[in-house]
Amino acid sequence: MSLSEGGPLGIPISRAILLPPGTFGEVLRLALEAIDQVHGDGTLTEIYIDIDPMLDEESMYHWIKPVGIPWNIALRPGTHHPRLNLVHEVGHFLDHQAIGMPGTFASANHAAFERWRETVQTTDAVARLRAVAAQSRNRRAIDYADYLLGVEEMWARSYAQFVTIRSGQSELMVELREKQRRSSRSSLPVQWDETDFLPVEESVAILFRDIGWMR
Amino acid sequence: MTDRERRVTRLIEDLGFDEQEARFAVALANGETTGCVRAISLPLPENEASRQATLLVEHLGFTPDEAARFVAGDRTAIEAVAARRVAADVGANRRDPIERIGT
């Protein structure tokens, strides 16, 4: 099956993701429309998007321990990549709630992710991160590389890039291109360049077809 | 320039980070954040409890009493909420959105 045969199957994700009112909500709506263009899902509990000016991070997926139910996706206003950040956090939400057992991150161990897990490890971007983690003398760079090499984080970044590329949504593409430019200049790439990402893109497409979210 | 600012600047100049990323990396190394996925543990600290209890009522179907007990560490409060959510079909995106607007 070729990559061009993709398209959403199942229920639109946007029905479960409840945006805040106002201008920022409208900005974010484009990201949900992009997801809906690419894939659907099965049963999915609802989650609210909250705008939090006090958030230290750019964005955050919160869930309640130990019961494993989703709390919210929080976004800090005024960041450079609001739509890409939202798609990234939706990636965490789906990993935690929609694939495998709700309340656990499926990307780490679930069989459906096996091809993706193997593929992402072969990319140049991940090799560069591993090199920093193993060889840098800068403690902050090592910690950040270790963080970026976490399976859940690699999944969320893969998912965000997959949705962006497959939807072709122009604002998301602008945000991705900015991150790719930064990544190309850095020893700590957060997103993959086009060629490096191709096998990852295919592995995510296969995963979504296997679980019935894409044609 | 503070020590923290120097560290941020060094990450930008030496390793090509953008500013937000450099600030995040410094916070990560200082143990001030665990990243962009966070499990909320109970009981919540007082300064967070009220705000989060409000969110539980508004977003997750808790009653004010259940929310207050839950953020104070009483996990049994969630059992009634979970039962109501199951009864109401938590797979809400299965249903037609127009139907949901009316609920």
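None of the figures in this text is laboratory data; all of them are computed from the coordinates on show. As the structure is a prediction and not an experimental result, all values here were calculated from the model. Cβ placement follows ideal geometry from the backbone for every residue including glycine, while neighbour counts extend to all protein chains displayed.
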Only loop residues by DSSP count here, and only those with at most 12 other Cβ atoms within 10 Å; note down the GluC sites (Glu not before Pro) in the stretch A:88-188 that meet that. none
Using the eigenvalues of the Cα gyration tensor, what equivalent ellipsoid semi-axes result for the protein assembly as shown when each is taken as the square root of five times the eigenvalue, whole Å, largest first? 31, 26, 18
Everything considered on the Cα gyration tensor (a ≥ b ≥ c; rounded for a/c under 1.5, else prolate if a/b is larger than b/c, else oblate), the stretch A:9-139 must be described as oblate
The stretch A:104-131 to the stretch A:189-215: how many Å between their Cα centroids? 11
Candidates A:Ser107, A:Ser170, A:Ser158, ranked by Gaussian network fluctuation over chain A, Cα under 10 Å, top entry: A:Ser170
Test of understanding: in a Gaussian network model of chain A with alpha carbons linked when under 10 Å, which of A:Gly91, A:Gly100, A:Gly22 would top the mean-square fluctuation ranking? A:Gly22
Run the Debye formula on the Cα coordinates of the stretch A:83-215, all scatterers equal and no solvent, and tell me log10 I(q)/I(0) at q = 0.18 1/Å. -1.01
Most mobile listed residue (A:Asp146, A:Asp41, A:Asp56) in chain A, GNM with C-alpha springs under 10 Å: A:Asp56
Do any GluC sites (Glu not before Pro) in the stretch B:7-59 lie in a loop, going by DSSP, with at most 12 other beta-carbon atoms within 10 Å of their beta carbon, and if so which? B:Glu32
Applying the gyration tensor rule to the Cα atoms of the stretch A:7-52 (axes a ≥ b ≥ c; rounded if a/c under 1.5, else prolate if a/b exceeds b/c, else oblate), the class is oblate
Using a 10 Å cut-off around each Cβ of peptide A:92-102, what is the average number of partner chain Cβ atoms that fall inside? 1
Taking chain A and dividing mean pair separation by its residue count, relative contact order in percent (alpha carbons under 8 Å, at least six apart): 23
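To the nearest whole number, what is the average tally of beta carbon atoms from other chains within 10 Å of the beta carbons of peptide A:42-52?
Taking the mean over all residues of the peptide, I get 4.
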